[in-house]
1. Scan region 71-80 residue by residue and report those that are in contact (Cβ under 8 Å) with a residue 40 or more places away in the chain and in contact with a strand residue (DSSP E or B) (Cβ under 6 Å, 6 or more places away or on another chain).
2. Which helices (runs of 4 or more DSSP H) does region 49-107 wholly contain that include 1 or more residues that are within 10 Å of the chain's Cα centre (by Cα)?
3. Could you count how many residues in region 238-259 are buried (at least 19 other Cβ atoms within 10 Å of the Cβ), under 17 Å from the mean Cα position of the chain (by Cα) and not small (Gly, Ala, Ser)?
4. Having 2 or more residues that are within 30 Å of Asp126 (Cα to Cα) is the bar; report the strands (runs of 3 or more DSSP E) wholly within region 148-266 that clear it.
5. Mind checking which residues of region 30-48 are among the β-branched types (Val, Ile, Thr) and either within 18 Å of Met236 (Cβ to Cβ) or outside any helix (DSSP H, G or I) (or both)?
6. From (1) under 19 Å from Arg95 (Cα atoms); (2) under 23 Å from the mean Cα position of the chain (by Cα), pick out the condition that doesn't hold for Lys142.
7. Across region 149-178, which residue is farthest from Arg92 (Cα to Cα) among those that are among the β-branched types (Val, Ile, Thr) and free of Cβ contacts under 8 Å to residues at least 40 places away in the same chain?
8. Being touching a residue at least 24 places away in the same chain (Cβ under 8 Å) and crowded, with 22+ Cβ neighbours inside 10 Å is the filter here, so list the residues in region 200-209 that pass it.
Amino acid sequence: MDLRLERQSSPVAEDVTALIAVIRPILEGLLFGLRQEIVSEVGTYDEVKLKMLPRLYRRGDGDIGLCFEYAVHQAVRDGSAPVLERVSDAMRLCRVGGTSLQSLLFAVEKSGKLDLVDSVKAALTDESNLLYGTRGRPVKLKRHIDQVATAFHRPSAREALPHSISGLWKADLFFGHTDTDYWVGTSVKVNSRELRAVRGLRIGIVPTTEGRSDTVRKDGSRNLVVCPLPYDGSFMEVFYAGWRIVQQFISADARVPKEAALPLLPERQVARELEMRRDFPVREVVAVLAAQAQPELLVSSTSEAQVQVERAARSIADAILAPIARGTDA
């Protein structure tokens, strides 16, 4: 058998850097969630400064869902262990082979940004196969991607899609292995009750629901592999903490909020990092904060083993969130 060994390549970063890692996609999600006509009043998306967000942003019901999509996408791309392991399990249940897992962001219905579609097309090849979970030959994804993007805004375009992928326009992400070039459409829902079965989607990413199993599982009734992301001491807890920081920061006119709004020191430190950069464009801030975000902690190697080994290492997120948990009543 092959034994996969993981060793720590750098000390577990403090909780500030873990929070910075998750607020980066949250800020980007809020930026691209702004309507094009609003952004055009100040220039382009690249020119929107951090201090402009309180004036341009209007809170809506779908904001946290969009930011959740961005956060899951970035977590896979960054190799975040709590998310990557779950998604890898889901891909195996979909019988998608390969070793080089990648995520492509396709949240076209929220942002309407053409460059998101272009970036997906650039990452695909003419032989990129979409597996949709029913009998039949795989679909060449790149060939249909423009039509899928158009289908959200034009119901008539949905009728022209192949029957096997007629609901693919609801995809938020595409997960795939670049070495085998097999991909699956993925729905990301911050509210698990909103996860729906549609033709063309294979994986549903949701938070773990209290009282429900967090096991990655097949849901035969919806022809989906449901992939719950863990909460306590893990990805979802960090995400919600990051969401709270950004919302309070915006409510305070892009400045450090009152202590009652963010009573924990790590959260206030993150807000200070943002306030120092309030005069810079959001995308530039997101880029420079990458240097302060928590780095990848594990380096993997493979060797042969003759015995079964049980992994007993505590999760990365437990280590990250322990100081935060000690500072709360929860």
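1. Hits for region 71-80 are Val72, His73, Val76.
2. Hits in region 49-107: 63-78, 81-93.
3. 4
4. Details: elements: 173-177, 182-188, 201-207, 217-219, 224-229.
Because the criterion is at least 2 residues that are within 30 Å of Asp126 (Cα to Cα), the strands (runs of 3 or more DSSP E) in region 148-266 that meet it are 173-177, 182-188, 201-207, 224-229.
5. Passing the criteria: Val42, Thr44, Val48.
6. With respect to (1) under 19 Å from Arg95 (Cα atoms); (2) under 23 Å from the mean Cα position of the chain (by Cα), Lys142 is out only on (1).
7. Thr150
8. The first filter runs over region 200-209 and keeps only residues touching a residue at least 24 places away in the same chain (Cβ under 8 Å), leaving 200-203, 205, 207-208.
Scanning region 200-209 gives Gly200, Leu201, Arg202, Ile203, Ile205.
The values are calculated or read from the model by the stated rules, or taken from the named source; none is laboratory data. Remember, it's a predicted structure, so these values are computed and weren't measured experimentally. Ideal geometry is used to build each Cβ from the backbone, glycine not excepted, and the neighbour counts take in all protein chains shown.
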